1. If you go through region 2-41 one residue at a time, how many are surrounded by fewer than 16 Cβ atoms within 10 Å (Cβ to Cβ), at pLDDT 50 or above and outside any strand (DSSP E or B)?
2. Checking ASP182 against (1) closer than 21 Å to PRO24 by Cα; (2) within 16 Å of the chain's Cα centre (by Cα), only one condition comes out false. Which one?
3. Could you check region 142-221 for strands (runs of 3 or more DSSP E) lying wholly inside it with 2 or more residues that are at pLDDT below 90?
4. With the structure loaded, tell me whether SER128 is among the polar types (S, T, N, Q), more than 19 Å from the chain's Cα centre (by Cα) and modelled with pLDDT of 95 or more or whether it fails that test.
5. Quickly run through region 131-167 and pick out the residues that are in contact with a strand residue (DSSP E or B) (Cβ under 7 Å, 6 or more places away or on another chain) and among the small types (Gly, Ala, Ser).
6. Here is a list of conditions, (1) free of Cβ contacts under 8 Å to residues at least 40 places away in the same chain; (2) within 30 Å of CYS199 (Cβ to Cβ), and LEU99 meets all of them except one; can you say which number that is?
Amino acid sequence: MIKKTVHVLLVFVLFLVQAQCQAPPPEPTMFVAKVTILTQSGSDITNYVGLLAYDLPRQRVFSQSYNETLLERSFSQCNNESTDASYYPAESLCDLGCLKGRDCSGGFCGCISIRIFGPLQFASANGSCSYESRIGTLFKVTDPDNVYVWEYCFSLESEPVPIYVRFSYENSLVQELIVFSDWKPGPPPEEYFVLPEYCKCPSRVVERKSHSQANRIFKMKLFEIVYK
């Protein structure tokens with residue numbers, strides 16, 4: 001009986017060691033997914049829901065906020081042909097910052113490529129994780145000064161699928177969470193990266209109503225999480 005108990009304990013310890021030594025999955029570089037961004041500060045929680053088309057090799061990002069009143073879409077391409085635009089299909093309006101490297105609004109023409117999973121390569125396995133009914137493996141990494149913390153929750157059943165990415169400050173109640181669903185890996189459809197005909201250069205700055213700012217907040221939250 002004692003030998004059997006010792007054997008079970010050894011197997012359990014070996015399982016824990018293997019889990020802790022598990023390498024993180026490769027960085028997702030191309031996908032389309034529904035994304036919910038939750039911001040929590042103490043007991044206050046706000047959320048923004050949208051679609052994200054991500055093409056890191058070509059440094060392209062398309063996002064669309066879901067808004068009951070108005071859908072706002074944006075497209076950014078960050079390379080030597082930088083393009084940055086927000087547009088409103090229901091009203092055929094477009095706010096075009098730059099188009100293929102050309103300044104269209106009298107401001108700075110350029111953008112920063114969003115690399116959501118950049119720190120993942122430095123992460124270590126840190127037990128299990130879950131969100132609602134989904135269960136996965138947690139990979140965690142902190143910055144060199146131990147101030148910022150990134151947590152990546154992945155389902156690893158058949159192929160790696162992210163459940164969420166959490167960003168937080170060490171010893172803080174403030175955190176940002178990106179939850180993924182309807183995950184479709186691979187190159188996004190090219191249609192996401194084609195601007196409508198009414199996006200012209202030069203462009204006048206379009207002043208939007210307050211209820212149509214969801215996509216700008218959606219983009220801002222992505223930048224806050226990635227570029228702390």
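1. Total meeting the criteria: 7.
2. (1)
3. Output list reads 161-169, 174-185.
4. yes
5. Passing the criteria: GLY136, SER155.
6. The single condition LEU99 does not satisfy is (1).
To keep it simple, each residue is scored yes or no on (1) crowded, with 20+ Cβ neighbours inside 10 Å; (2) in contact (Cβ under 8 Å) with a residue 24 or more places away in the chain; (3) in contact with a Gly (Cβ under 8 Å, 6 or more places away or on another chain).
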| site | (1), (2), (3) |
| --- | --- |
| GLU132 | no, no, no |
| PHE139 | yes, yes, no |
| THR142 | no, yes, no |
| VAL147 | no, no, no |
| ARG166 | yes, no, no |
| LEU173 | no, yes, yes |
| PHE193 | no, yes, no |
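The values are calculated or read from the model by the stated rules, or taken from the named source; none is laboratory data. Predicted, not measured: the structure shown is a model, and the values here were computed from it. Cβ: placed from backbone, ideal geometry, glycine included. Neighbour counts: every protein chain shown.
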